[in-house]
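Let me begin by presenting the structure, written as structure tokens, before commenting on it.
The values are calculated or read from the model by the stated rules, or taken from the named source; none is laboratory data. Model, not experiment: these values are computed from the prediction. Using ideal geometry, Cβ is built from the backbone for each residue, glycine included, and neighbour counts are taken over all protein chains shown. What goes into the accessible areas is simple: the full protein's heavy atoms, side chains included, and nothing from ligands, DNA or RNA. Shrake-Rupley method; radii C 1.70, N 1.55, O 1.52, S 1.80 Å.
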Amino acid sequence: SAPKPLAGRRAVVTAGPTREPIDPVRYLSNHSSGRQGYAVAQALADLGADVELVSGPTAIPLPHGTRNSPVETAEEMFSAVKRALPADIFVSVAAVADWRPATRTERKTKKPVDGPAPLQLVENPDILRSVCLSDKRPELVVGFAAETHDVLELARAKRVRKGCDWIVANDVSGDVMGGQENMMIIVTETDEIHLPRQSKTAAARALARRIASHFGGPS
Ligand code: C5P
């Protein structure tokens with residue numbers, strides 16, 4: 001059977017968008033499909049890790065061989081991640097909404113006859129940053145940086161600002177977000193590993209192999 005270099009390691013992966021309700025019929029969200037995060041969860045499980053996948057709403061099937069915690073909002077995702085710790089590995093692939101409506105109305109919001117739009121936003125928790133600062137910080141924390149411009153520069157800065165070990169930079173100016181392929185650059189403290197444009201599954205396997213070699217397995 002295939003080698004299991006991550007056997008005995010526990011991994012938590014976030015994936016998909018979050019959905020921030022405005023009222024019973026409306027929400028704020030983004031175009032994340034969950035494909036890249038699901039592929040990472042699957043690839044880590046294939047290498048033997050015990051994987052908990054904390055996922056926002058997606059239209060794709062949940063992977064096999066992982067424990068799945070479906071959530072909707074960023075706050076729910078944050079709670080589920082905290083419950084899932086401790087772990088050896090945290091990979092934060094989710095496209096968490098930066099903001100949520102300050103209030104969620106019980107009834108459908110009506111357009112005011114006059115005056116400003118009735119939507120006020122408050123900041124969501126930064127799950128990745130909080131995990132990095134947590135006393136249960138996993139040994140290896142990997143964030144993602146989806147950018148449309150200055151991808152590498154922003155990713156380097158983000159790695160330091162978030163306090164994570166690696167940042168996976170990807171250019172979402174084209175059809176990456178919601179698409180089938182990805183081109184990733186793994187930014188560590190000392191290296192920048194450029195992966196070719198490939199399927200999200202193949203990219204996830206390459207990332208999982210790097211993670212396995214960090215834990216001493218074959219790369
Ligand atoms: O700051 P930005 O959203 O670009 O950072 C992206 C990284 O941070 C991703 O790994 C994402 O999963 C994570 N993140 C998070 N919680 C947020 C915002 C981003 O975990 N509220």
Exercise. When Gly56 is evaluated against the numbered criteria (1) closer than 13 Å to Gly16 by Cα; (2) open to solvent by 20 Å² or more (accessible area, probe 1.4 Å), which criterion, by number, is the only one it fails?
Worked result: (2)
Problem set entry | Which listed residue is touching a helix residue (DSSP H, G or I) at 6+ places or on another chain (Cβ under 9 Å) and closer than 30 Å to Asp50 by Cβ, from Arg205, Arg159 | Arg205
Problem set entry | Boolean, Ser130 is touching a residue at least 24 places away in the same chain (Cβ under 8 Å), surrounded by fewer than 20 Cβ atoms within 10 Å (Cβ to Cβ), under 23 Å from Asp165 (Cβ atoms) and under 15 Å from the mean Cα position of the chain (by Cα) | yes
Seminar exercise, completed: By residue number, the members of segment 32-74 that are among the charged types (D, E, K, R) and either part of a helix (DSSP H, G or I) or in contact (Cβ under 8 Å) with a residue 24 or more places away in the chain (or both) are Arg35, Asp46, Asp50, Glu52, Glu72
For this session: Test each condition in (1) part of a strand (DSSP E or B); (2) of a type in the set (Gly, Ala, Ser); (3) within 13 Å of the ligand (Cβ to nearest atom) for Ala97 and report the one that comes out false.
Result: (1)
Exercise. How many residues does segment 1-28 hold that are in contact with a helix residue (DSSP H, G or I) (Cβ under 6 Å, 6 or more places away or on another chain) and either open to solvent by 10 Å² or more (accessible area, probe 1.4 Å) or away from the ligand (no atom under 16 Å from the Cβ) (or both)?
Worked result: 2
For this session: Look through Glu153, Glu123, Glu106 and report the one residue that is of a type in the set (Asp, Glu), closer than 19 Å to Ile193 by Cβ and over 14 Å from the mean Cα position of the chain (by Cα).
Result: Glu153
Exercise. Out of segment 138-164, which residues are free of Cβ contacts under 8 Å to residues at least 40 places away in the same chain, away from the ligand (no atom under 12 Å from the Cβ) and assigned to a loop (DSSP other than H, G, I, E, B)?
Worked result: His149, Asp150
For this session: Please enumerate the residues belonging to segment 59-71 that are surrounded by 17 or more Cβ atoms within 10 Å (Cβ to Cβ) and either at pLDDT below 95 or under 27 Å from Arg26 (Cβ atoms) (or both).
Result: Pro63, Ser69, Val71
